[in-house]
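A.B. asks: Could you have a look at this structure, given as structure tokens, before my questions?
Nothing in this text is a laboratory measurement; each read-out follows from the coordinates by a stated rule. Since the model is a prediction, treat every value here as computed from it, not as a measurement. All Cβ positions, even for glycine, are placed from backbone atoms using ideal geometry, and neighbour counts span all protein chains on display.
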Amino acid sequence: MNTLIAANWKMHGDLSWVTKPSEFRECYPLNGQKVEILLCPPAYLISAMNVACNNQLISLGAQNCHFEMQGAFTGEMSAQMMRDGGASYVIVGHSERRALFGETDKIVAQKADAVSMAGLTPIICVGEDRSQRESGEADEVVGAQLQSSIPLSADGENLVIAYEPVWAIGTGLVPTLEDIAAMHDHIRGILSNRFGVKMAEKIRILYGGSVKPSNAKEILALGDVNGALIGGASLEMDSLAAIAKCVGS
Ligand code: PEP
């Protein structure tokens, strides 16, 4: 499977950022490497970037969507609208959305279902907070999030999981390599129980939380790490390219 290097730009960027895909390719020409580059800009940029990205071999994604396809939901956008704009992925259940916008596992599952129904791939985010890590509950918390955030309708096809310990996001703190490996192994086990070993092996599990060019190589070399979800270090294309270059290096 291709390693997925996914950039979560959060609420950063402006219209001039539509040239970022070309800028990225100047730093990292995509020539058949086993890497998929995914840019998730603010939603209003997806369509313009899709035009600018044409034939650039770079995928586009959204950072959120509503779980309904249409309706009286002022200020919201549906997964189908994201697809219309050119997205092929939607991040759901990012810890900022869970913490700041009250998204529960149930809502995350509804959103992931809507994303799949629209023909896109959900990237479902899970991860423990600092106190849960310190009290030894991380496995249990992430297990429960996975059980309830993956929709009942899912069959494992076109599904990506992002393990993002909340305490590592934007803090510069990163779990030990052993802890990352153990959590990804735990997640793979849960996916195997749910979808069978063969299907679970095809599901990409990303690590996210303070990934940078300086630590990406060792994280991406771990067996069950199939890519990274990157916030801060994805805003500059030379930094994102330096991370992508770590794949298989
Ligand atoms: C994120 O927000 O998904 C993230 C991983 O952020 P950062 O890389 O800045 O920790």
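A.B. asks: In whole Hz and in residue order, list the ³J(HN,Hα) couplings for the range 236-242 that follow from phi through the Karplus curve 6.51 cos²θ - 1.76 cosθ + 1.60, θ = phi - 60°; x for Gly and Pro.
C.D. replies: Along the range 236-242, the couplings run 9, 5, 5, 6, 4, 5, 5 Hz.
A.B. asks: Let me ask something additional. Over the chain, calculate the relative contact order: mean separation of alpha carbon pairs under 8 Å at least 6 apart, over the residue count, as a percent.
C.D. replies: Value for the chain: 20 percent.
A.B. asks: Right, here's the next one. Report for the chain the percent antiparallel among DSSP-assigned beta bridges with both residues inside it, nearest 5.
C.D. replies: Here the antiparallel bridges make up roughly 0 percent for the chain.
A.B. asks: Further question: Computed FRET efficiency, Cβ-Cβ of ASN2 and SER135, R0 41 Å: what is it to the nearest 0.05?
C.D. replies: Computed FRET efficiency for ASN2 and SER135 comes out at 0.65.
A.B. asks: Which order, highest average first, do 98-110, 155-167, 65-77 follow once you tally other Cβ atoms within 10 Å for each residue and take the mean per peptide?
C.D. replies: My ranking of the peptides, most packed first, is 155-167, 98-110, 65-77.
A.B. asks: Determine, from the Cβ-Cβ distance of GLU157 and PHE101 and an R0 of 22 Å, the FRET efficiency 1/(1 + (r/R0)^6), rounded to the nearest 0.05.
C.D. replies: In this case the efficiency is close to 0.20.
A.B. asks: Can you run phi through the Karplus equation (6.51, -1.76, 1.60; θ = phi - 60°) for the range 163-173 and list ³J(HN,Hα) in whole Hz, with x for Gly and Pro?
C.D. replies: My calculation for the range 163-173 gives 8, 10, x, 4, 6, 9, 7, x, 10, x, 8 Hz in order.
A.B. asks: Measuring from centroid to centroid over Cα atoms, what is the spacing of the range 77-130 and the range 229-249 in Å?
C.D. replies: What the calculation gives is 23 Å, centre to centre.
A.B. asks: With θ set to phi - 60°, apply the Karplus curve 6.51 cos²θ - 1.76 cosθ + 1.60 along the range 60-72 and write out the HN-Hα couplings as whole Hz, x wherever there is a Gly or Pro.
C.D. replies: Values per residue, Gly and Pro as x: 10, x, 9, 9, 5, 7, 7, 8, 8, 7, 6, x, 7 Hz.
A.B. asks: Under the rule of at least 5 residues apart or a separate chain, name every residue whose amide H is placed under 5 Å from the amide H of GLU128.
C.D. replies: VAL166
A.B. asks: Given the -39500 (n - 2.57) contribution per DSSP H run of 4+ residues, what per-residue ellipticity at 222 nm results for the chain, rounded to the nearest 500 deg cm²/dmol?
C.D. replies: -11500 deg cm²/dmol
A.B. asks: Also, I was wondering about something else. Taking every eigenvalue of the Cα gyration tensor of the chain, multiplying by 5 and rooting it, what semi-axes result, largest first, whole Å?
C.D. replies: 25, 23, 17
A.B. asks: Multiply the residue separation of HIS12 and GLU68 by 0.36 nm, subtract the distance between their alpha-carbon atoms, and state the gained length in nm to one decimal.
C.D. replies: Extra length from HIS12 to GLU68 when fully extended: 17.6 nm.
A.B. asks: At THR176 and GLU201, where each label point lies 7 Å from the Cα along Cα→Cβ, what is the point-to-point distance in nanometres?
C.D. replies: Going from the THR176 label point to the GLU201 one covers 3.0 nm.
A.B. asks: Let me ask another. Quick check on packing: order 177-187, 84-94 by the mean number of other C-beta atoms within 10 Å, highest mean leading.
C.D. replies: Top to bottom by mean Cβ count within 10 Å: 84-94, 177-187.
A.B. asks: Hey, with R₀ at 22 Å, roughly what FRET efficiency would THR19 and ASP84 work out to, going by the Cβ-Cβ distance, to 0.05?
C.D. replies: 0.50
A.B. asks: What is the spin-label model distance, in nm, from ALA48 to ASN31 if the labels are put 7 Å beyond Cα along the C-beta direction?
C.D. replies: Label-label distance for ALA48 and ASN31, simple model: 3.2 nm.
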